[in-house]
Amino acid sequence: MRQIPVDTSAAMVMVAQPPVLKVKDRRTGEIAVDADTGAQMMTVDVLFAANGEAEVLSIAVPETGINGELVMGTPITVTGLVARPWENEFNGQKRHGISFRAAFVTTMAAAGSKPKAA
């Protein structure tokens, strides 16, 4: 599947809604897991503001990639953000869109408390 890297260096990103478990199948309630690590996936809604525009994006993140207390309005850094175009057909109707996934979502406070390499 094609992945498009997203540059967040010039954007202001903050939590719009705290993380929730990502549901893979609404009918069964099955929770999505990371194919590589088996970690449960979370969805974090973020406000992404850049170039005079702002948009709320839902980002999938492994539970192990969430660092710090992600409450509404908290400034964050997003590491390894990629966009993935998708398309499916359900009941004869085609749908398409873009999904977002990141390796890590970290509060600015948690990022600032990490020791820096010399």
Of all DSSP beta bridges with both partners in the chain, the antiparallel percent, nearest 5, is 90
In nm, the gap between the two label points placed 7 Å beyond Cα toward Cβ at R27 and S9 is 4.6
Spelling it out for F104: with amide H atoms placed in the peptide plane at 1.01 Å from N, the residues 5 or more places away or on another chain with amide H under 5 Å from its amide H are T79
When the chain is treated as a Gaussian network with springs between alpha carbons less than 10 Å apart, the largest mean-square fluctuation among V44, V61, V82 is found at V82
CD proxy, 222 nm, the chain: helix-only mean residue ellipticity via -39,500 (n - 2.57) per DSSP H run with n ≥ 4, per residue, nearest 500, stands at -1000 deg cm²/dmol
Sorted on mean Cβ neighbours within 10 Å (highest first), peptides 83-94, 65-76 come out as 65-76, 83-94
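Any read-out appearing in this document is the output of simple, stated calculations on the displayed coordinates, not a laboratory observation. What you see is a predicted model, and the numbers here were worked out from it, not measured in a lab. As a convention, Cβ positions derive from the backbone with ideal geometry for all residues, glycine included, and neighbour counts pool all protein chains shown.
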